[in-house]
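Comments concern the structure below.
Each reported figure results from applying straightforward, stated rules to the coordinates on display, with no laboratory input. Not measured: the values here are computed from a predicted model.
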Ligand code: ASP
Ligand code: MG
């Protein structure tokens, strides 16, 4: 069985949905198709939730109406015959009525998750109507019946496996299943989600749960690129990556793949393919256990990074100092990305955090604290990078004029990370594109 996941832009227009239907029927292999919400929908639902939670009910109503109008015109183009059009209208009415009812009841965190779930519920149901109209046999699998997270928000892979296998067993006659990405149930049984961009994670979890042959992630770019195409002019798609390389790139800013989506596929050894809905014949990127080649493969950048420097002479020859510092970050559940130390100081980075003030306050007893915002981590990733001759010299030669704030080297064999002020990001990525890949 194979998994095919289509992102928001791949289902965001009626003609794209039509194209998705062609892609999923191009061969007869049994498959589970995972869909995101139509592009823009989840953002709109976030806005609606924010408006309701801040008591701006009129604004929320306006946003709901605007979104509903978008769906109305969407189905008028998508569905042609009368009966399916009526069904599509009824689906829209049901979900927007739900949003309107929410306006009237008191807001809660659980309710905001219900609001966010509407996007994927709508996209899959409408797609199902479209498939039906076109005589494409399939079954809609409700993700809320099998996808679940525990009380640490971690997916429960074993129960997902059990429930999904049971569901598939009940429908042995079917070869095409459609389901929602992103949404799940939490430990309290409420509707929840796998965080923004989480449809990739859903796809990978499903692929792991049923031991799929391949997990295809269809987006609007022809695979993972060697550099950020929004920042540098010339980039090339990478043909092959190891899971580890892909995880580093996704974590350090490559937007194409949700960082958490690597581990399930990696653990259960399901190859992942990144493919382009707009250009299905492109080779895309294949992610497997093996790395294929040695040396620099790609650069990714993650913005919004804060550097924290803790300087103290008490650190000199002391032990236990780092533990105490890290305990502060643990307490505030804030992940640390980069760390460098000298004998009397430690610098580390976090992503922008609402807890920053509290963290700094708790760090103050340990020494002099300096906080520098607006930084970017630039990560250079490639198999055995650290052992590859001349990588470092080329890197630093290319960046001779860039004020590098921190360097992390040797933590993994496939990654060198640099911290730079965000104002220098564009220049840094361009210089590295030339210096490491010979691309302008
Ligand atoms: N619709 C959700 C989002 O926009 C999940 C996803 O698309 O992956 O974040
Ligand atoms: Mg995505």
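Roughly how many Å is it from the Cα centre of segment 45-103 to that of segment 122-138, as a whole number?
19 Å
Have a look at segment 203-282 and give its Rg and Dmax from the Cα atoms, expressed in angstrom.
12.5, 40
Picking from 285, 28, 388, which is most flexible by a Gaussian network model of the chain using Cα springs under 10 Å?
Between 285, 28, 388, it is 28 that shows the largest mean-square fluctuation.
Can you give me the convex hull volume of the Cα atoms of segment 65-167, divided per residue and expressed in Å³?
116 Å³
How big is segment 81-128 in terms of Cα radius of gyration and Dmax, in angstroms?
12.5, 40
Distances longer than 21 Å among the Cα atoms of segment 139-206: what percent of all pairs is that?
18 percent
For Cα pairs less than 8 Å apart in space and 6+ apart in sequence, what is the mean separation divided by the residue count of segment 341-440, i.e. the relative contact order in percent?
Normalised by residue count, the contact order of segment 341-440 is 28 percent.
Kindly state, as a whole number, the per residue volume in cubic angstrom of the convex hull around the alpha carbon atoms of segment 246-303.
Convex hull volume per residue, Cα atoms: 102 Å³.
Suppose we look only past 13 Å in the calculated P(r) of segment 15-58. What percent of the Cα-Cα pairs does that tail hold?
68 percent
In degrees, nearest 10, range 0 to 90: what is the angle between the Cα axis of helix 157-170 and the longest Cα principal axis of the chain?
20 degrees
Using every Cα-Cα pair within segment 10-124, state what percent have a distance larger than 26 Å.
25 percent
Looking only at 284, 189, 382, which one moves most when the chain is put into a Gaussian network model with springs between Cα atoms under 10 Å?
Looking only at 284, 189, 382, the biggest GNM fluctuation is shown by 189.
What translational D, rounded to a whole number of µm²/s, comes out for segment 280-347 from Stokes-Einstein when the hydrodynamic radius is the Kirkwood one over Cα pairs, at 25 °C and 0.890 mPa s?
After rounding, the answer is 153 µm²/s.
So for the chain, averaging the separation of alpha carbon pairs under 8 Å that are six or more residues apart and normalising by length, what relative contact order in percent results?
13 percent
For the chain, take the longest principal axis of its alpha carbons; what is the angle in degrees between that and the long axis of helix 41-53, to the nearest 10 within 0 to 90?
Helix 41-53 and the main axis of the chain meet at about 80 degrees.
Quick one: divide the alpha-carbon radius of gyration of the chain by 2.2 N^0.38 Å and tell me what you get.
Compactness ratio reported: 1.07.
Calculate how steeply helix 109-133 sits against the longest principal axis of the alpha-carbon atoms of the chain, using the helix alpha-carbon long axis, and give the answer as 0 to 90 degrees to the nearest 10.
So the helix axis and the longest Cα principal axis differ by about 50 degrees.
With the chain treated as a Gaussian network of Cα nodes joined by springs under 10 Å, which of 332, 251, 409 yields the largest mean-square fluctuation?
Most flexible of the set in this elastic network: 332.
What number, in percent, do you get for the relative contact order of segment 230-368 if the mean sequence gap of Cα pairs under 8 Å and at least 6 apart is divided by its residue count?
Computed over segment 230-368, the figure is 23 percent.
Based on DSSP H runs of at least 4 residues, each adding -39500 (n - 2.57), what is the mean residue ellipticity at 222 nm of the chain after dividing by all its residues, to the nearest 500 deg cm²/dmol?
Computed mean residue ellipticity for the chain: -12500 deg cm²/dmol.
How large is the Rg to Rh ratio of segment 349-419 when both quantities use alpha carbon positions and Rh follows Kirkwood?
Here the Rg-to-Rh quotient is 1.08.
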